[in-house]
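The values are calculated or read from the model by the stated rules, or taken from the named source; none is laboratory data. The shown structure was predicted, so the numbers you read here are calculated from the model rather than taken from an experiment. Because the Cβ atoms are built from the backbone with ideal geometry, glycine has one as well, and the counts that use them run over all protein chains shown. To get the accessible areas, we keep the full protein, side chains included, count just its heavy atoms, and leave off ligands, DNA and RNA. Shrake-Rupley method; radii C 1.70, N 1.55, O 1.52, S 1.80 Å.
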Amino acid sequence: MRFAPEYVRYVLNDNFEDAKRLFLSPLMAIHCAHLVMLADRAIIGPTDARRLREALDSISQDEVKDVRYDGTCEDLFFYVEQLLIAACGEEIAGRLHTARSRNDIDMTMYRMRQREFILALYEATLALRDSLLDVAAKHRGTVMAVHTHTQPAQPTTVAHYLLAVVEQLERDAIRLQAAFKTTNRSPLGACAITGTGFPIDRQLTSDLLGFDAPTGNTYGSIATVDYLLESVSATAVLLSGLGRFVQDLLLWGTREFSYVRFGDGFVQCSSIMPQKRNPVAIEHARAIGSKALGQAQAIVVTVHNTPFGDVVDTEDDLQPLVSSTFRDAVRAVRLVAAAMQTAEFDPERLESRAGEGGTTLTELADTLSRDHDVPFKTAHRIASRVLQTLTENPAADLQSVLAAVCLQYLSRTLPYTREDLARILSPRYFVDVRRTLGGPAPEETERALSESQQLLERDHVWLTDRRRAASATEGRLRERTAAL
C-alpha cells in the first residue's frame with residue numbers, strides 16, 4: 001500500500017523519525033519480553049521461539065535509526081516487522097504478534113519512556129535541592145529583607161527563604177514519585193481492547209519490562225491517559241514554583257537590589273555597554289521553564305476531548321510534545337541548580353538594608369502586646385503611627401515619638417529606653433526571636449536544614465533504587481531472551 005505523498009510528508013515521515021528517536025529501544029524490549037512469555041506459556045514452540053530470537057538479535061538499532069522513511073510502511077512497528085519477516089520468514093515472524101495489538105504495545109512503550117522522563121526530572125530537582133541547601137547552610141545567619149506585594153515586608157534570613165523553596169521542591173518530589181508509581185504499570189496483554197483468549201502471562205511480561213505490576217481493566221489499559229496527565233501536572237506545579245523563585249532571583253540580581261551575584265560563567269556583558277553584567281542564564285531558565293509549562297498545558301488540551309478509546313492516533317503527535325516538555329523542564333531546573341552553586345550573597349549589605357522601610361515594626365507591635373498586654377490591633381495602630389511620624393519628620397527622636405503615641409492611644413507612656421528600642425527594632429533581633437516551627441531563627445533553620453538534608457539523602461536512595469532496578473531488569477530480559 002502506498003500512502004499519499006502529502007500524508008507522508010506532513011504526518012508519517014515526522015512520526016517515523018519521532019518513533020525512532022523515542023521508542024525504538026522500548027519496542028525491541030517489548031518484542032523480546034513478549035516472545036519470552038509466548039514461549040514460557042507454550043503458545044509458540046521452542047524452535048519458532050529460537051528463530052524469532054535470532055531474528056530479533058539480527059536487527060541493529062543503529063542501522064534502523066539511520067533509515068530514511070520511504071512511505072512503504074505505516075510506522076516504525078511495521079518497519080521492524082518487515083525486518084523480522086526478512087530474517088525468519090513471514091510464517092514465523094507472524095507468530096510474534098499473537099495475543100497483542102499495536103494498542104497495548106504503544107501504550108507500553110509510552111509508559112516505559114515516561115518512566116525515564118520522570119526520573120530525569122526528579123534527579124534534576126535533587127540537584128537543585130543540593131545547591132540550595134549548600135547556600136542555605138552558609139547563610140543561616142545572613143539577615144535580609146523579603147517582600148510582599150513588591151514592598152519591603154519583614155527581615156528574615158537567606159537560609160529561611162531558600163528553605164521555603166526547598167520544601168516546595170520536596171513536595172514536588174513526592175508528586176513525581178506518585179506519578180512514577182502510577183506510570184509504572186504494564187498495559188501489555190490488553191491487546192486492542194478486551195485482552196485475548198490465549199493463556200498469556202501479563203505478570204511475566206510486566207516483570208521482564210521492569211513494571212511494578214500489570215494494569216487492570218484491559219479497556220482502560222489502552223484508553224486512559226491519566227497516568228500521563230499526572231506526571232505532566234506534577235511537572236507543571238514544579239515549573240510554576242520554579243518560575244516564581246527565578247523571578248525573585250532576577251529582581252535580586254538588579255543593581256538596585258544587589259542581593260545576589262552569579263558567577264562569571266552565568267552572565268554576559270553588553271556589546272555596547274561595558275558596565276552591564278546580564279544574568280542571562282537565569283533569564284534563559286525563565287524562558288525555558290515557561291516554554292515547558294506551555295507545552296505541559298498543550299498536552300492537557302490535546303487529550304481532553306479525545307474519545308475514551310484508542311488514542312494512538314493522537315499519541316503520535318502528542319509524544320514528541322511530552323518529550324520536549326520534560327526535556328525543557330530538566331534544562332530549566334538544571335540551569336538554576338548550576339547557577340545557584342555560584343550565587344554570592346553579601347551579608348553586611350543585606351543586613352544593613354534589612355531594617356529599611358519599617359520592616360521591623362511588627363516586632364514593636366508584638367513587644368507592646370506581649371510585655372504590656374496591649375491588644376494587638378491597638379499595638380499595630382501605635383506602630384503605624386510611629387512610622388508615619390518618623391516618615392514625616394526623620395529627625396524626630398524615636399523614644400519621644402513612641403511615648404507621645406502611646407499617651408494618645410493608651411493614655412500612658414511605656415518605659416522603653418533608646419537602647420531598648422534600638423534592640424527591638426533591629427533586624428537581627430527580629431529574626432532571633434522568631435523561633436516558631438519553620439521560623440527564621442538560626443537554631444530553627446539549623447533544625448530544618450538537617451531534616452531537609454536527611455530527606456534529600458532518602459530521595460537520592462529512592463532514585464538510585466529505581467535506576468538499579470531498571471538496570472537489573474534489562475539484564476534479566478537479556479538472559480531470558482538468550483536462553484530461548
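Using all C-alpha to C-alpha distances in region 1-71, build P(r) with 10 Å bins and read off the rounded percent in each one.
Going out from 0 Å in 10 Å bins, region 1-71 shows 18, 35, 28, 17, 2 percent.
Calculate, in nm to one decimal, what Ser240 and Arg2 gain on full extension: separation in residues at 0.36 nm each, minus their alpha carbon distance.
81.1 nm
Using DSSP H assignments, which helices in the chain have an axial alpha-carbon span of 20 Å or above and a mean Kyte-Doolittle hydropathy of -0.5 or higher?
TM-like helix candidates: 13-40, 102-138, 158-183, 226-252, 280-303, 312-340, 376-392.
Which whole-number value in Å² is the accessible area per residue of region 81-216, probe 1.4 Å?
37 Å²
Mean residue ellipticity at 222 nm from the helices of the chain, using -39,500 (n - 2.57) per DSSP H segment of n ≥ 4 over the full residue count, to the nearest 500 deg cm²/dmol?
Details: 19 runs with 325 residues, N = 484.
The helix contribution divided over the chain gives -22500 deg cm²/dmol.
Given points 7 Å out from each Cα along the Cα-Cβ axis, report the Arg435 to Ala192 separation in nanometres with one decimal.
It is 7.2 nm.
For Lys377, which aspartates and glutamates qualify as cross-link partners when the Cα separation must be under 15 Å and same-chain residues fewer than eight apart are set aside?
Partners found: Glu363, Asp366.
What whole-number distance in Å separates the alpha-carbon centres of region 439-455 and region 15-40?
Comparing the Cα centres of region 439-455 and region 15-40, I get a distance of 47 Å.
What number, in nm² with one decimal, is the all-direction average of the projected area of the convex hull of the alpha-carbon atoms of region 375-443?
Its average projected convex-hull area is 5.6 nm².
Specify the inter-centroid distance of region 301-373 and region 49-128, based on alpha-carbon positions, in whole Å.
38 Å
Counting only other residues whose beta carbon sits under 13 Å from that of Leu162, what net charge do I get with K and R as +1, D and E as -1?
Spelling it out: positives minus negatives among the neighbours equals -2.
Consider all pairwise Cα distances in region 327-484 and report the whole-number % of them above 29 Å. Provide the component values of the computation, followed by the final result.
Details: 6083 of 12403 pairs.
Looking at region 327-484, the distances longer than 29 Å represent 49 percent of pairs.
Please report the net charge: other residues with Cβ closer than 12 Å to the Cβ of Val374, K and R +1, D and E -1.
In short, +1.
Using every Cα-Cα pair within the chain, state what percent have a distance larger than 28 Å.
Roughly 64 percent, rounded to a whole number.
Taking 7 Å along the Cα-to-C-beta vector as the label spot, tell me the Val11-Trp462 distance in nanometres, rounded to one decimal.
Simple spin-label model gives 4.1 nm for this pair.
Using 0.36 nm per residue of separation minus the Cα-Cα distance, give me the extension gain between Cys269 and Ala120 in nm, one decimal.
Fully extending the segment from Cys269 to Ala120 adds 50.4 nm.
Between Ser60 and Gln247, what length comes free when the chain is fully extended (0.36 nm per residue of separation minus the Cα-Cα distance, one decimal in nm)?
Extra length from Ser60 to Gln247 when fully extended: 62.6 nm.
At 7 Å along Cα-to-Cβ for each site, give me the label-to-label distance between Arg476 and Glu356 in nm.
6.2 nm
Give me the distance between the Cα centres of region 140-165 and region 181-234, rounded to whole Å.
After rounding, the separation between the Cα centres reads 47 Å.
For a protection proxy built on the mean count of beta-carbon atoms within 10 angstrom, sort 334-343, 248-257, 292-301 highest first, please.
The packing order, highest mean first, is 334-343, 292-301, 248-257.
Taking K and R as +1 and D and E as -1, what net charge do the other residues with C-beta under 12 Å from the C-beta of Glu474 add up to?
Within the 12 Å Cβ shell, the charges total +4.
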